[in-house]
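Chemist: This is the structure I want to talk about, given as structure tokens.
The values are calculated or read from the model by the stated rules, or taken from the named source; none is laboratory data. Because the structure is a prediction, the values reported are computed rather than measured. Counting neighbours? That spans all protein chains shown, and the Cβs are built from the backbone with ideal geometry, glycine included.
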Amino acid sequence: MAKRGGFPGGGLPGNMNNLMKQAQRMQRQMEEKQKELEEKEWEATAGGGAVSVRVSGKKEVVAINLSEEVVDPDDIEMLQDLIVAATNEALRKAEEESNEMMNEIAGGIGGLGGLPF
């Protein structure tokens, strides 16, 4: 009596098996790149370098450096704006590099026939 369902021999067809291996390889690469990114830091400045912010790949602020001339007790708002601007720029740089790295990995799955990932 013939077996219903499944694949002959109980295994995956060749191209499905290759697809699974490729997905596993891609997952390992993504984990390696994620770890690499978490160890990196990005820096951005605002106010002509008066404010400098450094963030990690974990998207945490690591350091903020302020020039003395930017610390004006009568204009706290400007200092706050500069810190926000520098922080957002540093985080944008980190995100941009992260996206580029992940796109490099995802570019290696060309044989997926237009699947949306």
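Chemist: Of all residues in segment 74-100, count the ones that are touching a residue at least 60 places away in the same chain (Cβ under 8 Å) and surrounded by fewer than 16 Cβ atoms within 10 Å (Cβ to Cβ). I'd like the intermediate steps shown before the answer.
Modeler: The first filter runs over segment 74-100 and keeps only residues touching a residue at least 60 places away in the same chain (Cβ under 8 Å), leaving 97-98.
Right, trim to surrounded by fewer than 16 Cβ atoms within 10 Å (Cβ to Cβ) and you get 97.
Summing the residues that are touching a residue at least 60 places away in the same chain (Cβ under 8 Å) and surrounded by fewer than 16 Cβ atoms within 10 Å (Cβ to Cβ) in segment 74-100 gives 1.
Chemist: Which numbered condition in (1) surrounded by 13 or more Cβ atoms within 10 Å (Cβ to Cβ); (2) of a type in the set (D, E, K, R); (3) at pLDDT below 95 is the only one that E69 fails?
Modeler: Status for E69: all satisfied but (1).
Chemist: Might you check whether a residue that is of a type in the set (K, R), at pLDDT 95 or above and either closer than 27 Å to G107 by Cβ or surrounded by 11 or more Cβ atoms within 10 Å (Cβ to Cβ) (or both) occurs anywhere in segment 41-59?
Modeler: Yes, segment 41-59 contains a residue that is of a type in the set (K, R), at pLDDT 95 or above and either closer than 27 Å to G107 by Cβ or surrounded by 11 or more Cβ atoms within 10 Å (Cβ to Cβ) (or both).
Chemist: Could I ask something else about it? What number of residues in segment 54-70 are assigned to a loop (DSSP other than H, G, I, E, B) and more than 14 Å from A94 (Cβ to Cβ)?
Modeler: Final tally of qualifying residues: 1.
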